[in-house]
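Since the structure comes first, as C-alpha cells, the remarks are kept for the end.
No lab work stands behind these numbers, since they all come straight from the coordinates. Predicted model, so just to flag it, every value in this text is computed and none were measured. Neighbour counts are summed over all protein chains in view; Cβ atoms, including those assigned to glycine, are modelled from backbone coordinates with ideal geometry.
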Amino acid sequence: MSRYAFHFDGTRCTACKTCVFACKDKNDLGLGYAYRKVYEYGGGETIKDANGCFSTTAFTYNISLACNHCEDPVCVMVCPTGAMHRDQATDLVAVDSNVCIGCGYCVLSCPYNSPKVDRDKGHSVKCDGCTALVANGEKPVCVMACPARALDFGTPDEMQKKGKRANIAPLPSEGYTKPNLFIKASKDARPAGSDEGTVTNPLEVL
Amino acid sequence: METAFNHALGEMPLALFSTLASLGAGTFIALTIAFLCGASHKLVAQKSSATQDGADLAKDAKGNSDAKDGKDIKDAATNAANALALRKTDFFTLIPLLLVALGFVAAFFHLATPGNAFNAFNGIGRSPMSNEILAGIIFVAVAVIYWIAVLTGKIPDIIRKILLALACVAAVAFIVLIGAAYMVSTIPTWDTPLPIIALLGFGLLGGTLFCLLVLQSADNLQKICSAAFKRDIIGLGVLGAIFALVGVIGQFVFAGSLVSSDASVLASGAMSAMAAEGIVTATAEMMPWVIAFAIGIVLSLLLAVVSVIRKPNQLLISLGCLVVLASVLAGRLVFYALYVNVGL
Amino acid sequence: MNKGVKSDPMLRSRCEQHGSPTHCEQQDTLARLDLSPHNKSEGIAHDVSRRSFVKGAGALGALAAAGGILGGTLPHLPQFTTKVAQAYAESETKIVWNHCAINCPGRCSLKLHVKDDEIVQVETYSLDDDDINSIQPRACLRGRSYRSWIYHPDRINYPLKRTEGTKRGEGKYTQISWDEAIDIIATKLKDTIDKYGNEALYINYATGVSASTGRTWPRLLNLLGGYVGYYGSYSTAEISWITPYIYGSSAAGSTLNAANDAALILVFGSSPCETRQGGAVSNHDYVAMREQTKGKIYMFDYRLSDSTVGHSEDWVPINPGTDAAFVSAVAYELITKNMVDEEFLHTYCQGYDEETMPESAKGMNKSYKDYILGTGYDMVQKTPEWAAPITGISAERIRSLAKEIGTTKPLYVVQGWGSQRRSNGELTAWAICMLPILTGQIGLEGTNNGLREGSYSISMDTIPAGTNPVKTQISVFSMVDAIDRGPEMTEKRDGVTGAERLKTGFKFVVNYAGNCITNQNSDINWVHDIMVDDTKCEFVVGTDIVMCDSMKYCDVILPDLFRLEQDSMIGTGGDGAYMIAGSQPYSVKYERKSGFDQCALVAKKLGIEDEFTEGKSQSEWIEELYEVSRKKDDKLPTYAEAKKMGVYTRANPKGANIALKAFREDPIANKLTTQSGKIDIYSEKLATYIETHEFASDDKVTPIPTYVPEWYGVQTVTEKYPLACSGFHYRGRLHSSWGGIETMKELNPQELWINAADAKPRGIEQGDTVQVSNDFGTVELLAKVTSRIISGTVAMSQGAWHDANMDGDRIDKGGNINTLATHRPSPFAKGNPQHTNICEVKKVG
C-alpha cells in the first residue's frame, strides 16, 4: 500500500482555488498549467412559477484534486520509458524528466486529468505531491495553503478515517486506479457516474 | 469550441503513424501471398531456367548443332523478362519500407523529446507502447534484412521465402501490438479488440493495394496473375475490407452503446458525466467521417479487384492506393475522435 | 483527459497575450521605459528534478513568476524564460514575514522566500494541527499570486507625467524625474490653496493599502491647512450611515463563532467565503461555524454563492433588493401570531408599537406595528401574500420560515454588505435588524444584532493625521459630483456636512492606492466625461503599483511600493485576533518609493518636512506607533520579538463577542448612544432629519425600516431593460486588485451569471459572449448559464478592469459592472447603490 494519501473535505471547501495558486507559485507555473484543479459539479433547476415565486433543486459542490498517487496508477503501467514512476522514499508518483519522451500516453490514460505534456519543457508534468517536502516531514504546499482547511495529507490509514476513497461525480469509480484521495463528501455530492449534473466550470480547469 | 474532430487533428502524427505503419507492414503480408501462394514459384523457376537457358543458348550460339527450336528462344526471352521483373519487384519493395519509415518519422513528431526515444524500451513487458515499439523495430529489422538480401540477387528462393514469412509474422505482430496499445482500461471507447481488428484490416486491404502497386510498377503483375494468385490476393483484400469495416464501424457503434439512456449503465461502468457527454458529441460529429470511410474502403476494394481481374492499369492501382490511404487515415481520425477518458 | 465538452481556453476576452486590447496601447506608451511584455511565453521552465526543497536552505532557480522577458537594461530583475536554464550558484534563501495590505480585513500573513534579492516563493503562516479553531491567517489565492503582480510588466517604476497634448483617460505618459514630479505636485498644491482655498483639495477614497503607516496624505494636507474629507465607504455607505440611528455609534456585530451556539442562523446578502477569503477571517470562520454549530442555516441570496456550495439546502432564493419585504412579511406573521418578544420590545426599544413611541410621534399611527399591520404609512398589510411576488418566496414558505424564526432560539441573524449597497440600502439594512429585534434575540448567547459579523482584533495605532482644520465633508461617493458642480451641493440635499454648501469644486485630487476614480466608481462613462475636463478638476496626482484604469486620469503618477516591500505593521482579526510585523524583504527597485517617503518629499519642497516626519523614517514611525499600541495592550510582544515572529495570534478570551451584550444586561447603565438610549425602531432623530432635508420625489424615506422598491430593480424593470443586474465579490480579484493578472484571469474568467429561463429565449448558451446594456453603458463578457441564480436577475462580479475605447463605441470588454451602474446617490447616506441596476442581455456574434 502507498505510504501517502490526500484527504479532501467537501463540506469545508469553498472553491476559492487557493490550493491551485499556491501550487502554481511553488512550481513557477504560468499560463496554461495548473497541477491542482478545482472542479465545480452541479445541476438541478431554479424556476419561477406563475406567481413569480422561486423553487430550486439546484445543487453545486466542488472537488479539489491534483494527482491522486493511485494504488494502481495506470500512468505508471503504460509509460514506455518508466519515466512515470513511484518515488522510492515516499511512494508518490512523479515524472523523471530526464527519461520522459513526452509521448502523452499518461495524459490519455489518467482518469483524473493529472499529467500534461509541456512541449516547451519536453516532458510530462504533474503534481508530484511535493515529494521533497514530504520526504522532509512536511505536508504539500496546497494542504497548508487552504484557508478553509479542506485538505490534508498523511498515511492512507489516517486519511481513511476522514473520508472515503474518491468515488463521487465528476470523478469516475475508484475501481480503475484506486486513487489515494479520501473524500468527506458534502451533502450535495452525487456518486461517480451520476448524470444528474455536469461539470459547470469547464473554463476554469486546465 | 474544442470539438472531438479538433482533438483528433491534434493527434495527426499518431494517425499518420498508425496509417502508414499498418499499410506498410500489411504490404509485406500481401507480398508473402504473392510469393508463397499465387504463381510466384513460376516466376522464380523461370528466373532459374532463364539463367540456365541463357547459358545454354549462348553455348548453342557458339555452334552447337543441337540448337533448340524457336520455343526455347521465346522461353529464354520470357525468362529474362521475368528475371528483370523480379529484380524490379524487389526494388519496388522499397515502397512499403518507405511507408513504414515515414510512419516512424510522424511518430517522432508526436514526441516532445524524441532524443530520449531509446528509453522507450525500458517498459517492455509492462507498457503496451514499449511492446509495440519493440515489435515495430523487429519488423523493420526483418523487413530490411529481407530487402537487402533479395536485392543482392544471390539468395536461394527458399531463403527468400523464409525471410519473407518471418517479415510477414513480424508485420502481423506489429500491427496487432499497435492496436493493443490502445486497450487501456481507463479509455472505455478504445478498450476493446476492435482497434486491432481495424488495423489488421487496414494492413490487409491497404497491403493488398500497395502490393499490387509494387508488382505493377515492376511490370510483374500480369505475369503472376494466375487464377490462384487472383483468388488469394482478392481474398486477402476482401478479408481486409471486412476487418476494416467491422473494426471502425464496430468501434463507433460500441462507443455509442456505452451511453445508453439507462443511467445504470453509466453507473455500473462508472464513467464520469463528462465522459458520457464526450461520447455523445464525438459520435454525432464523426458520423459523416465514418460514412466517408466506409465508402472509401469499399471503393478501394473494388479498385483492387478490378486491377486483378482485368488488365492491370498503373493509374487505377495508384488511385486505389491513394483512396485506401485516405480512407484509412479517415478511419484513424474517427478512432482518435472517439477518445474519451473514463473520468475527467 | 477529456476535452469534449464546451471547454475553450481560447474563448477569453484577452488580446494576443495580455488582458485587454487597450492594455497593449498602454504598453506602447511605456515602451520608452524598456518594458517589453510581448515576449511572454507560456509556462515557466525549470527542471523540477534539479530543485530541492530542503527547508530553509537554498535551492536552484531564483526564477520570478509570470512576466515578460524584460530588457537587459534592468539587470537586477531576473529573466524569465521558458528554457531550462541557468544554474544559479547555491545561495541562501531567507524567510521574511510580511502581510497583504489590500482592501480586505484579512491582511493575511505572507511568508516570503527571498533569494538573491528577489522573492521566489510566497507561503503563509499555517500550523499542522487538526484544531479548526486555531488561528491561522493563511493567505488566499491572491496572496499566493503576489509574485505575478510584483513582477508584472505593467508595474509602475518611475514617476510619470501625462504626455503633452494628450487627454486624461488616454493613458499616455512620459517618464520624469522625482525632482520634477515633486516640484509639479508641490507647486500645484500651493497654487490651488492660494487660488481656491483648502476646500478645493480632496483625497479620494482608496483602500489599496492597509497598515499603520499606510495613510500619509491626510497628515500632509492637514499640515497645509486641511482638505475636504469624506464619510462612509464604498463597502458600507448605507449601513454605516443608518446604524447609529438604530443602535448608536460604534455598534458592531457578534463574531461568527457566536453562532456556534445558535439553533437558527439567517444570513442576508452575504457571502462570507467570497468577501474575506483568508484563513483567519470570514472564509475560515464561516466554514468553522457551519461545521460546529448545531443550528440550521438559511442563506438568503439571489444566487447560490460559493459560501453555500456543497450546502445547497441552505439556499433560499430571493429577489435582490427585497430583503425588507421579506422581513416585513415575517414581522406580520410574528406580530399576528404572537411570536414577538413584547417584553424585550418595550424594555429595550423605541417605536415598536404605540406604547413606546416618543412624544413627538405619539397617536399618529407611526409605529412599526402600524406599518406592518397596515394601519399607518402606506396602509398596506404586509402579509406573506403581499411579499411573495416581490421577494419570489412563496407565501407558504414565508409563513413556515416565520414560524421557525419566531420559535427557534437562540436566533443568529447576520447581514453582509450586499443588501445595503442599493438605492434602498439604508432602510433594508435596518429592516434586517428587525428580525433579531422583534424576537428579542439580541445580546444573548448565540445571537447577533443583525449587522455584519464583528471581529476580535488587535488594535494598532496608525500614523496620526492630525486635526483637519476643514470641517466640511461629503459622502465618499460624491467626489465626481463635487468636481462637476461643487458649489451647487448643499447640506440639505446633497449630503454635505460641516458646511451649508461646498465652497468650490475640487481642483486638486489625490488618488493614492485606489481605483475609485473610474473602475470602482459608478457610471464610468459619465465619470470619464467629467474627469477628462481639466478645467473642472485641474490636477490629479496618483500613486499606484500598476497602471489601473483610474491612474489614466492622473496628471502625475508616482510609483509606489507594495506594503510587503516595506517595513509594515497591521493588526486585525476575525473570530481570533492577529498582528503581523512585516519587514522589508529586499532592496527598493527602480525609482519606487513608499507613500510615506513620497509625502515627505512634497513636505520638504513646501518647507514642512520636519513637521511631517518629526525627524523619523517610516520604520521608526512604525516602531514608535507600535510601542504606543503596546502600552495600551500589554500582552503584545516587544517590537523586536514581533519582527522576529512575524505573526502573533491571540484567541478571544471571551470565546465569542456577543453584540449588545452589555446593553442587554443593563439597558440603563449601558444605554446606547441613540437619541432614545435604546434600540430605535422608530427614530425620532431620523424623523427630524427627514423633515429638515430635501429628498428626491421618488425616494420614499421613512423614520422606520420599511420596504422601498429600488429605482432599478426587480419591481422597476422596463420593457427595454427587463432584467435586474447585481454584482458580487469574486475570488479572482480583491475588488480590482489582481484584475490585470493573466494567470488569475485564466482560471477565474469574467462571467455573467444567467438563469436558463433567461438565456434560452435569448439564444444564449454556456460560454457565449454576451453584451449587457442599459442607459449608462454596455459591457461584454462570457455567459455562465446556471441554476445557481434566479431568473429575472443576472449578475457579474465587481472589480473587473474597465476596458473600452472611450473615444469610440465605449463597449467595456473588461466586463465591469460599474459601466452599467447609476451615479445617483442613495437617499440618506448619499452612498453608492452599485447593485441597483436593470439591463438587457444579448448574445454577440
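With everything on Cα atoms, drop me the angle between helix B:12-36 and the longest principal axis of chain B, reported from 0 to 90° to the nearest 10. Here the helix axis deviates by roughly 30 degrees. Using R0 = 45 Å, the C-beta based FRET efficiency linking C:Val844 and A:Asn98 works out to 0.40. When only Cα pairs below 8 angstrom with a gap of at least 6 residues are kept, chain B shows a relative contact order of 27 percent. Seen against the Cα atoms of chain B and their longest principal axis, helix B:157-180 is set at about 10 degrees.
Tell me, B:Met12, C:Met551 in order of fewest to most beta-carbon neighbours within 10 Å?
Arranged by neighbour count, lowest to highest, B:Met12, C:Met551 become B:Met12, C:Met551.
By how many degrees, 0 to 90 and rounded to 10, does the Cα axis of helix C:618-632 deviate from the longest principal axis of chain C? Tilt relative to chain C: about 30 degrees. Pick out, in residue order, every one of the chymotrypsin sites (Phe, Trp or Tyr not before Pro) in region C:624-687 that is DSSP loop and has at most 13 other C-beta atoms within 10 Å; say none if there are none. Those that pass, being in a loop and sparsely packed, number zero. Residues in region C:454-460 carry Karplus couplings, in order, of x, 9, 9, 10, 9, 8, 10 Hz; the curve used is 6.51 cos²θ - 1.76 cosθ + 1.60 with θ = phi - 60°, and Gly or Pro positions show x. Pairs A:Lys164/C:Lys403; A:Lys164/C:Lys654; C:Lys605/C:Lys635; C:Lys661/C:Lys685: which exceed 30 Å Cα-Cα? In this structure, A:Lys164/C:Lys403; A:Lys164/C:Lys654; C:Lys605/C:Lys635 lie more than 30 Å apart at Cα. Distance between the pseudo-spin-label points of C:Glu396 and C:Tyr590 (7 Å out from Cα toward the beta carbon): 6.3 nm.
Panel order for C:Trp178, C:Trp738, C:Trp97, by other beta carbons found within 10 Å of each beta carbon, from fewest to most: C:Trp178, C:Trp97, C:Trp738.
Under the definition of Cα pairs under 8 Å and six or more residues apart, what whole-number percent is the relative contact order of region C:142-228? If you can, show how the numbers build up before the last one.
Numbers: 54 pairs, mean separation 16.8, N = 87.
This gives 19 percent for region C:142-228.
One decimal place: the segment C:Thr166-C:Glu92 gains 21.8 nm when fully extended, by the rule 0.36 nm per residue minus the C-alpha distance.
Between A:Ala89 and B:Ile148, the distance separating the two model label sites (each 7 Å from Cα on the Cα→Cβ line) works out to 4.8 nm.
Quick one: which of A:Lys17/C:Lys843; C:Lys195/C:Lys507; A:Lys139/C:Lys115 span more than 18 angstrom between C-alpha atoms?
Working: A:Lys17/C:Lys843 29 Å; C:Lys195/C:Lys507 10 Å; A:Lys139/C:Lys115 22 Å.
Too far apart for the 18 Å limit: A:Lys17/C:Lys843; A:Lys139/C:Lys115.
Quick one: P(r) of region B:4-337 from all Cα-Cα pairs, 10 Å bins, percents rounded to integers, in order of increasing distance. Going from the shortest bin to the longest, the percentages are 6, 24, 29, 20, 11, 6, 3, 1, 0, 0. Shape analysis of region C:723-843 places it in the rounded category; the axes a ≥ b ≥ c from the Cα gyration tensor give an a/c below 1.5.
Let me know the charge dipole size of chain B about its Cα centre in debye, to the nearest 20, where only the beta-carbon of Lys, Arg (+1) and Asp, Glu (-1) is charged. All intermediate terms of the calculation are to be shown ahead of the outcome.
Numbers: 19 positive and 18 negative charges, 219 e Å.
Computed about the Cα centre, the dipole is about 1060 debye.
Between C:Arg452 and C:Gln415, the built amide H atoms are under 5 Å apart, and every one of these is 5 or more places off in sequence or on another chain.
Only Lys, Arg, Asp and Glu carry charge here, each on its Cβ (+1 for the first two, -1 for the last two); on that basis chain C has a dipole of about 1000 debye about its Cα centre. Ordering C:Asp179, C:Asp353 by the number of other Cβ atoms within 10 Å of each residue's own Cβ, fewest first, gives C:Asp179, C:Asp353.
Among B:Gly206, B:Gly115, B:Gly278, determine the one that fluctuates most according to a GNM of chain B built with springs between C-alpha atoms less than 10 Å apart. Result for chain B, Cα springs under 10 Å: B:Gly115 fluctuates most. Cα-based values for the protein assembly as shown, radius of gyration first and Dmax second, are 38.2, 155 Å. Take the Cα of C:Glu694, step 7 Å toward its Cβ, do the same at B:Leu319, and the gap between the two points is 9.1 nm.
Taking Cα pairs under 8 Å and at least six residues apart, what relative contact order does chain C come out at, in percent? Let's see the in-between values first.
Numbers: 2023 pairs, mean separation 148.3, N = 845.
Taking the mean separation of contacting Cα pairs over the length of chain C, I get 18 percent.
For A:Gly175, nonlocal amide neighbours, meaning residues 5 or more places apart or on other chains whose placed amide H falls under 5 Å from its own, do not occur.
Converting phi to 3J(HN,Hα) with the Karplus coefficients 6.51, -1.76 and 1.60 and the offset θ = phi - 60°, region B:243-256 yields 4, 5, 5, 4, x, 7, 5, x, 4, 5, 5, 4, 4, x Hz in sequence order, with x at every glycine or proline.
Its residues counted as N, region C:151-261 yields a C-alpha radius of gyration over 2.2 N^0.38 Å of 1.53.
Here is the short version for chain A: A:Cys13, A:Cys16, A:Cys23, A:Cys53, A:Cys70, A:Cys79, A:Cys100, A:Cys103, A:Cys110, A:Cys130, A:Cys146 have no other Cys C-beta closer than 4.7 Å. Between B:Pro128, B:Pro96, C:Tyr125, the Cα set farthest toward the positive side of the dipole of the protein assembly as shown (charges on each charged residue's Cβ, about the Cα centre) is that of B:Pro96. Each of C:Pro749, C:Ile681, C:Ala696 was scored by the projection of its Cα onto the charge dipole of region C:664-753, and the greatest displacement toward the positive side belongs to C:Pro749; charges sit on the C-beta of Lys, Arg, Asp and Glu. Candidates C:Ser478, C:Gly416, C:Val602 compared by Cα position along the dipole of chain C: farthest toward the positive end lies C:Gly416, with charges placed on Cβ. In chain B, the sites counted are trypsin sites (Lys or Arg not before Pro) in DSSP loop states with at most 16 other Cβ atoms within 10 Å, and the longest stretch holding none of them, exclusive of the sites, is B:155-309. In this Cβ point-charge picture (+1 for Lys and Arg, -1 for Asp and Glu), the protein assembly as shown has a dipole of about 3640 debye about its Cα centre.
Please report, to two decimal places, log10 I(q)/I(0) for chain C at q = 0.07, 0.08, 0.09, 0.10 Å⁻¹ as given by the Debye formula with identical point scatterers on the Cα atoms and no solvent. Reported log10 I(q)/I(0), two decimals: -0.53, -0.71, -0.92, -1.15. Cross-link check: pairs C:Lys536/C:Lys604; A:Lys126/C:Lys294; A:Lys116/C:Lys589 evaluated at a Cα-Cα cut-off of 32 Å; pairs beyond the cut-off: A:Lys126/C:Lys294; A:Lys116/C:Lys589.
Among B:Pro312, B:Pro156, B:Pro128, which one shows the highest mean-square fluctuation when chain B is modelled as a Gaussian network with alpha-carbon springs under 10 Å? Per the Cα network of chain B with a 10 Å cutoff, B:Pro156 tops the list.
Shielding by partners for peptide B:114-120, expressed as the average number of C-beta atoms from other protein chains within 10 Å of each residue's C-beta, is 6.
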